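The values are calculated or read from the model by the stated rules, or taken from the named source; none is laboratory data. Everything numeric here is computed off the predicted structure, so don't read it as measured data. Positions of Cβ are generated from backbone atoms using ideal geometry, with glycine treated the same way; all protein chains shown enter the neighbour counts. With ligands, DNA and RNA removed, areas are computed over all heavy atoms of the protein, side chains included. Shrake-Rupley method; radii C 1.70, N 1.55, O 1.52, S 1.80 Å.
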Amino acid sequence: MNNKKHQKPGNRKPGNASQFDLMIIGGGVTGLAAAMYAGRLHLKTLVLGSTTGSEMPIGGTITLTEIVENYPGFLRTSGPELAEQMRNHAEDYSEYVAIREERVVDVQQICETSCFAVITEKHQYSAKTIIFATGTQWRKLDIKGAEEFENRGVQYCALCDGPLYRDQAVAIIGGSDTAVKEALLLAKYAKKVFVIYRGEKLRAEPVNAKRIENEPKIEVICCTHVVEIRGNKVVESIVMDKAYKGEKEMKVDGVFGAIGNIPLSHLAKKLDVNTNDKQEIIIDHRDSSTNIPGVFAAGDVTDKEFKQIATGAAEGVLAAYSAYKYVNENEFVCIFYDEQYR
C-alpha cells in the first residue's frame, strides 16, 4: 500500500517523537512483522533493533541463513532477501513506524499507572506498551580450548565464516536441524565436514536428513563428545571421548558450534517479567501477554515449543494486535522524566 493512502496521525511522525504507543525491542522477523501490523493499526511504533548481548542487525538471525524454504508463500528465498522484504513492508507505514539500530541498555516502568521508559546508548523513550522480540544468541561451546580459539578456528555461523575454510576439514558439534543445515552449507566450501553429536540420531527435518545422507563430503559421528580443541595460533585438531578410525584426536581446521541458543530475556527481567528455567519469557499463548500489564513477547525469546520463522512472524502480529487492544482500552500518563535524553 502506498504511504500517501495512510491516514496521518494527529501528532509528530515517529521518527521525530520521543513518546510511542508501542516499543518493539528486537528487529528480527518477529519484530518486523509486529511493526508492520502495528502500522496497519495506526499505532505510533518504534523498533529498536539492537539489544545488549546481541550484535544482530535489523533482520536478526535470519540474515545469517542462506536458504529459506519453510516460509509460506516462498518456495525458496534467502534469509537476507526475506528480512529485507519484511523491513520494507514495515517501513511502508513510515508515518507510524520508525526503525532504529540503537542498543537498548535498560527498561523501566515509570510508575504503575503510567508508561515504560526504554533507554538506549543514545536516547531515552517512553511507550505505552512494549513487545519483547529479542530472540536468542548462540550457546557457546563449553569445551576446553573453545574460548581460547574463538574466531581463530572456533566459529558459530557457517554463512559468515564458511568461505574461510575452503578446501579444508571442519567439524560441527551438535545434532539439531540447525546443525545439519550448517553442515550442508559448509559442504559447499570445505573438503570434509564431520558432524559430531552426543546422541544416537540427528534431530533433523526429514528433507534435511535426506540431503545430508546424499552429501559425500559429510560424515556423521554419533554417540561422541568433543572434549578438547587443540592448536597453536589457530585450531589444529579436536579430541573426542571415543576413537574414530582408531584415534581419539582428529585433525581439523575449524570447529563450528551448533548446540542451541540462549534466550535474550535479560531486559524483560528488569521489568520483573516472568521467565522459566530456560530463561524463556512466559506468555499467555492466546495473546502473547506477560505477567506485566502492557508488556508482550513473541518469537524465539518466549516459552513456545515450536520456533520457526513463520511462527515467529505470526506471534509478532498477534502481539501487535494485543498491544493495540491494550492501548485502546486503557488511559495513560506518559511522563518523559529525564530531560538529558530529549
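Inside the range 131-145, residues that are under 21 Å from Val255 (Cβ atoms) and either crowded, with 17+ Cβ neighbours inside 10 Å or of a type in the set (Phe, Trp, Tyr) (or both) make up a count of 6. Of all residues in the range 185-211, those satisfying the criterion of being within 21 Å of the chain's Cα centre (by Cα) and over 16 Å from Val255 (Cβ atoms) are Arg203, Ala204, Glu205.
Would you check if Tyr321 is open to solvent by 70 Å² or more (accessible area, probe 1.4 Å), at pLDDT 95 or above and assigned to a helix (DSSP H, G or I)?
Judged against the criteria, Tyr321 is a match.
Considering only residues that are at positive phi and buried (at least 18 other Cβ atoms within 10 Å of the Cβ), look in the range 150-175 and name the one that is farthest from the chain's Cα centre (by Cα). Filtering first and then ranking leaves Gly153. The requirement of being charged (D, E, K, R) and either assigned to a helix (DSSP H, G or I) or without any contact (Cβ under 8 Å) to a residue 40 or more places away in the chain (or both) is satisfied by Lys210. Could you tell me whether Ala268 is aliphatic (A, V, I, L, M), within 30 Å of Ile67 (Cβ to Cβ) and open to solvent by less than 10 Å² (accessible area, probe 1.4 Å)? In short, no.
Among the residues making up the range 70-125, a single one is open to solvent by less than 10 Å² (accessible area, probe 1.4 Å), closer than 30 Å to Leu185 by Cβ and either at pLDDT below 90 or touching an Asp or Glu at 6+ places or on another chain (Cβ under 6 Å) (or both): Gly79. Taking the criterion of being of a type in the set (Lys, Arg), in a loop (DSSP other than H, G, I, E, B) and in contact (Cβ under 8 Å) with a residue 40 or more places away in the chain, the only residue of the range 231-263 that qualifies is Lys233. So, of the residues in the range 159-189 that are of a type in the set (Val, Ile, Thr) and in a helix (DSSP H, G or I), which turns out to be farthest from Lys307 (Cα to Cα)? Per the stated criteria, the residue is Val180. Among residues of the range 151-174 that are among the hydroxyl-bearing types (Ser, Thr, Tyr), those with a Cβ under 8 angstrom from a residue that is open to solvent by less than 20 Å² (accessible area, probe 1.4 Å), sequence gap 6+ or separate chain, pair up as Tyr156/Phe256; Tyr156/Gly257; Tyr156/Ala258; Tyr165/Leu186; Tyr165/Ala190; Tyr165/Gly254.
Here Arg40 fulfils each of the conditions (1) open to solvent by less than 60 Å² (accessible area, probe 1.4 Å); (2) under 16 Å from Ala320 (Cβ atoms) apart from (1).
Taken together, the residues in the range 271-299 that are part of a loop (DSSP other than H, G, I, E, B) and either surrounded by fewer than 20 Cβ atoms within 10 Å (Cβ to Cβ) or not hydrophobic (A, V, I, L, M, F, W, C) (or both) amount to 18.
For Phe332, the stated conditions hold: it is over 15 Å from the mean Cα position of the chain (by Cα), part of a loop (DSSP other than H, G, I, E, B), surrounded by 13 or more Cβ atoms within 10 Å (Cβ to Cβ) and not polar (S, T, N, Q). Being over 23 Å from Gly260 (Cα atoms) and among the basic types (Lys, Arg) is a condition met by at least one residue of the range 311-331. Screening Glu219, Glu215, Glu147 for residues that are over 30 Å from Phe296 (Cα atoms), free of Cβ contacts under 8 Å to residues at least 60 places away in the same chain, under 24 Å from the mean Cα position of the chain (by Cα) and outside any helix (DSSP H, G or I) leaves exactly one candidate, Glu147.
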